[in-house]
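The values are calculated or read from the model by the stated rules, or taken from the named source; none is laboratory data. From a predicted model like this one, the values you see are computed outputs, not experimental measurements. Here the Cβ positions follow ideal geometry from the backbone for every residue, glycine too, while neighbour counts run over all protein chains shown. Just so you know, the surface numbers come from the protein's heavy atoms only, side chains and all, with ligands and any DNA or RNA stripped out. Shrake-Rupley method; radii C 1.70, N 1.55, O 1.52, S 1.80 Å.
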Amino acid sequence: MDNKFRSGFVAIVGRPNVGKSTFMNRIIKEQVAITSPKAQTTRNKIQGIYTDDERQIVFLDTPGIHKPHNDLDQYMDKAALSALKEVDAVLFMTEAGQSAGPGDKFIMDEISNVKAPVFLILNKIDLVNPDDIAPQIDEYKDLLDFAEVIPISATNGNNVEDLIDSLTKHLPIGPKYYDEDQITDHPEYFIVGELIREKILDDTRDEIPHSVAVIVESMNQRTEAGKLQVEATIYVERDSQKAIVIGKGGSMLKNIGIGSRIKIEHLLGEKINLKLWVKVKKNWRDDPLFLSKAGYSV
Ligand code: GDP
Ligand code: K
Ligand code: MG
């Protein structure tokens with residue numbers, strides 16, 4: 001490679017749960033996007049910024065693209081598709097060893113018009129025999145023209161550095177858009193809210209994920225002992241969901257509090273005092289004002 005510094009923007013697209021957010025966190029080496037086995041974990045475009053001596057790559061993690069049912073869904077699709085317009089490369093991620101279903105075909109249709117080079121990323125190779133992916137690669141190559149095909153494992157890091165090197169070759173010579181210690185464009189309070197939401201997704205039953213939003217009300221006061229005071233409200237859509245989130249005698253909420261506090265302290269690098277409230281807000285997913293307050297506005 002030449003000595004010139006390269007930089008650019010790279011969108012990560014793919015069905016829900018293929019590992020887009022896990023991959024981005026692996027590259028950034030910090031948790032900037034939350035992950036879970038549940039669909040619709042990622043709700044908006046989140047940047048993760050990778051910088052070393054040779055390059056700066058701004059990754060755009062996107063919500064999985066799917067058919068919209070409400071304002072939040074529509075917002076998520078828009079966030080994912082708008083990420084494709086002005087990028088230098090697209091990583092289309094799917095799971096190794098699986099053949100292309102309607103979800104993948106829908107996305108390949110959307111990205112067939114994109115001018116930037118598209119990489120086919122087969123994630124989760126730790127789960128399959130590497131010999132088994134050759135037929136899958138042939139199948140996908142018949143459906144779309146890929147600049148490169150790279151199998152990786154986002155969880156164990158296999159081939160991730162090779163991917164960064166291949167990607168760099170497709171980036172233009174360009175400036176450092178961000179300071180090298182900046183890893184995301186999202187304000188800290190947004191990520192803090194996301195970490196709380198991630199713990200809720202981990203702990204609660206299936207009916208909760210789509211109905212929960214977390215808004216961090218304040219994180220600028222200190223307790224007498226000098227700890228940062230973080231106050232957040234967990235919104236759900238129904239009384240029955242509020243009861244689930246609070247749990248018997250407050251046990252669920254207590255767990256959510258302990259687990260999120262540890263993750264937030266790790267992110268901020270200091271001890272915090274976390275105060276959580278649970279409130280019911282009917283139909284918040286169709287309330288534009290609320291969506292924007294929760295950080296879901298374009
Ligand atoms: P996203 O919806 O595409 O952002 O997917 P997530 O990053 O939230 O990951 C979905 C699930 O797949 C999580 O349970 C991850 O731990 C898991 N996962 C992601 N990457 C890998 C991988 O390389 N190997 C394995 N075994 N699991 C993975
Ligand atoms: K997910
Ligand atoms: Mg995600």
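When ligands, DNA and RNA are left out and all protein chains stay put, how many square angstrom of accessible area per residue does the chain have with a 1.4 Å probe?
About 48 Å² of surface per residue is accessible.
In the chain, what percent of the accessible surface is made up of carbon and sulfur (1.4 Å probe, ligands and nucleic acids excluded)?
Answer for the chain: carbon and sulfur cover 47 percent of the accessible area.
Taking the Cα centre of the chain as the origin, how large is its charge dipole in debye, to the nearest 20, when only Lys and Arg (+1) and Asp and Glu (-1) carry charge on their Cβ atoms? Kindly include the intermediate steps, with their values, before the conclusion.
Working: 37 positive and 46 negative charges, 288 e Å.
Using only the charged Cβ atoms, the result is roughly 1380 debye.
Looking at region 6-169, send over the antiparallel percent of its DSSP beta bridges, to the nearest 5.
20 percent
Quick check: from the Cα gyration tensor, does region 6-169 come out rounded (a/c under 1.5), prolate or oblate?
Because its axes are fairly even, with a/c under 1.5, region 6-169 counts as rounded.
Classify region 125-240 from the C-alpha gyration tensor, please: rounded if a/c falls under 1.5, else prolate or oblate depending on whether a/b exceeds b/c. Intermediate results must be reported in sequence, preceding the final value.
Numbers: a/c = 2.84, a/b = 1.62, b/c = 1.76.
Verdict is oblate for region 125-240.
Just to be sure I follow the definition: excluding the sites themselves, where is the longest run in the chain that has none of the GluC sites (Glu not before Pro) in a DSSP loop with at most 16 other Cβ atoms within 10 Å?
Values: sites that count: E30, E54, E86, E180, E207, E224, E270.
No qualifying site falls inside 87-179, the longest such stretch.
If you add up the charges near K115, with Lys and Arg at +1 and Asp and Glu at -1, over every other residue whose beta carbon is less than 14 angstrom from its beta carbon, what do you get?
-3
Within a Cβ distance under 14 Å of E270, other residues only, what is the Lys/Arg minus Asp/Glu net charge?
+3
Along the charge dipole of region 180-298, which of L253, L289, I264 sits closest to the positive end, that is, farthest toward it, with unit charges on the beta carbon of Lys, Arg, Asp and Glu (+1, +1, -1, -1)?
L253
Grab the other residues whose beta carbon is less than 14 angstrom from that of T204, score K and R as +1, D and E as -1, and report the net.
+2
Which one, H210, S99, N156, projects farthest toward the positive side of the charge dipole computed for the chain from Cβ point charges (K/R +1, D/E -1)?
Sorting the options by dipole projection puts first H210.
For the residue pair K293 and D109, what label-to-label distance in nm results when each label sits 7 Å from Cα along the Cα-to-beta-carbon direction?
Computed distance between label sites K293 and D109 equals 3.8 nm.
Give me the one-decimal nm value for the distance between modelled label points at Y178 and D142, 7 Å along each residue's Cα-to-Cβ direction.
Simple spin-label model gives 4.0 nm for this pair.
Report the convex hull volume per residue for the chain, counting only C-alpha atoms, in Å³. Let's see the in-between values first.
Numbers: hull volume 41.5 nm³, N = 298.
Taking the convex hull of the Cα positions in the chain, it is 139 Å³ per residue.
Once the convex hull of the C-alpha atoms of region 188-293 is built, how many Å³ does it hold per residue, rounded to a whole number? All intermediate terms of the calculation are to be shown ahead of the outcome.
Working: hull volume 10.1 nm³, N = 106.
Once divided by residue count, the hull of region 188-293 is 95 Å³.
Over region 188-293, what is the percentage of antiparallel beta bridges among all DSSP beta bridges, to the nearest 5?
Just about 45 percent of them are antiparallel.
Provide the solvent-accessible area of V216, counting protein heavy atoms only and rolling a 1.4 Å probe, rounded to the nearest 10 Å².
Using a 1.4 Å probe on the heavy atoms, I get roughly 20 Å².
Indicate the gyration tensor shape class of region 10-104 (rounded, prolate or oblate), computed on the Cα atoms with a ≥ b ≥ c the square roots of the eigenvalues: a/c under 1.5 is rounded; otherwise a/b larger than b/c is prolate and the rest oblate.
prolate
So in the chain, what percent of DSSP beta bridges are antiparallel if you round to the nearest 5?
Counting DSSP beta bridges with both partners in the chain, the antiparallel share is about 30 percent.
Once Lys and Arg get +1 and Asp and Glu get -1 on their Cβ, which of G14, I125, L143 lies farthest toward the positive end of the dipole of the chain?
It is G14, whose Cα lies furthest towards the positive end.
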